[in-house]
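Colleague: One structure, pasted below without further comment.
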Amino acid sequence: MLLLITQTSLVAAGRVDLHRRLGIAGFLLGCLMVILGVWAATDSLVRAAGPPGRDVRAFYIVPLMAMVIFATLLAFAFRARRNPAEHKRLIYIATTALLLAAVSRWPLAVVNRKPPMAALFTYFFLLTLASYDLWSTRKIHRVTLWAGAFVIILQQSCYPIGQTGAWHAFASWVQTHAR
């Protein structure tokens, strides 16, 4: 989050040159975050340390899907780094996709330890971006539409997929081999 604030501040201050150099380090940090995210999720699965009252094998898909979403949007943002309108939206939406874990830890009964509800709550940030698009350009940017839909569809598909026998077999295989 500090890097995101720093990067937006650099652009606002007209230091795009420094923003671009720091952006390469940010991209590498994002790649490292994906690796560590998968590692941490797998460690939680092995230790059976998921949310209380939830099947750890079914829940394993939630952090993995967050890493898939983040990595995909990060790659597209890196590719679109010469297109400021697309780049900033992709970075914002990729960051939004990572907020699920934080929001589900808020001390509000409606979202606390309830990933599906926390996911719905994080979509407020996507609505904020769509509102900004409408206000600034009188239309929703195509990246906001497709990347926002990508996040929502993949996050909402986690729960049905996590309940399938195929997913449980995969998670059990990972659990066994990661020990």
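Just so you know, all these numbers are worked out from the coordinates, no wet-lab data involved. This is a predicted model, so every value here is computed, not measured. Note that each Cβ is placed from the backbone with ideal geometry, even for glycine, and that neighbours are counted across all protein chains shown.
Colleague: Can you sort T6, T95 so the residue with the fewest Cβ neighbours within 10 Å comes first?
Modeller: Starting with the residue having the fewest Cβ neighbours, the order is T6, T95.
Colleague: Among Y60, Y159, which comes first, second and so on when ranked by fewest other beta-carbon atoms within 10 Å?
Modeller: Least to most surrounded, the residues fall as Y159, Y60.
Colleague: Can you tell me, using C-alpha contacts under 8 Å and at least 6 residues apart, the relative contact order of the chain as a whole percent? It would help to have the intermediate numbers written out before the result.
Modeller: Details: 164 pairs, mean separation 42.2, N = 179.
It rounds to 24 percent for the chain.
Colleague: Further, regarding this structure: Would you please put 167-175, 61-69, 11-19, 97-105 in order of how densely packed they are, using the mean number of other Cβ atoms within 10 angstrom per residue and starting with the highest?
Modeller: On the way: 167-175: 15.1, 61-69: 21.1, 11-19: 12.2, 97-105: 18.6.
By packing density, highest mean first, the sequence is 61-69, 97-105, 167-175, 11-19.
Colleague: In nm, what is the difference between 0.36 nm times the number of residues separating N112 and A75 and their Cα-Cα distance?
Modeller: Extending this stretch completely gives an extra 10.2 nm.
Colleague: OK, next. Arranged from highest to lowest average of other beta-carbon atoms within 10 Å per residue, in what order do the peptides 122-129, 143-150 appear?
Modeller: Working: 122-129: 16.0, 143-150: 18.4.
So the order, starting with the most tightly packed, is 143-150, 122-129.
Colleague: Right, here's the next one. Going by how many other beta carbons lie within 10 Å of each one, how would you line up C158, C31, fewest first?
Modeller: Numbers: C158 23, C31 14.
The order, fewest Cβ neighbours first, is C31, C158.
Colleague: For region 74-114, taking Cα atoms only, what is the radius of gyration to one decimal and the Dmax to the nearest whole Å?
Modeller: Just the Cα atoms of region 74-114 yield Rg and Dmax of 14.1, 42 Å.
Colleague: I've got another one for you. Any idea what the alpha-carbon Rg over 2.2 N^0.38 Å comes to for the chain?
Modeller: Computed over Cα atoms of the chain, the ratio equals 1.11.
Colleague: Oh, and also: Rounded to the nearest 500, what is the 222 nm mean residue ellipticity of the chain from helices alone, with -39500 (n - 2.57) per DSSP H run of 4+ residues and division by all residues?
Modeller: -26000 deg cm²/dmol
Colleague: Here's another thing I want to ask about it. Report the calculated FRET efficiency for T137 and A25 (r = Cβ-Cβ distance, R0 = 22 Å), to the nearest 0.05.
Modeller: Working: r = 31 Å, r/R0 = 1.39.
With R0 = 22 Å, the Cβ-Cβ based efficiency is 0.10.
Colleague: For region 124-137, just list the computed ³J(HN,Hα) in residue order, Karplus coefficients 6.51, -1.76 and 1.60, θ = phi - 60°, integers in Hz, with x standing in for Gly and Pro.
Modeller: Coupling constants for region 124-137: 4, 5, 5, 5, 4, 5, 4, 5, 4, 4, 4, 5, 7, 10 Hz.
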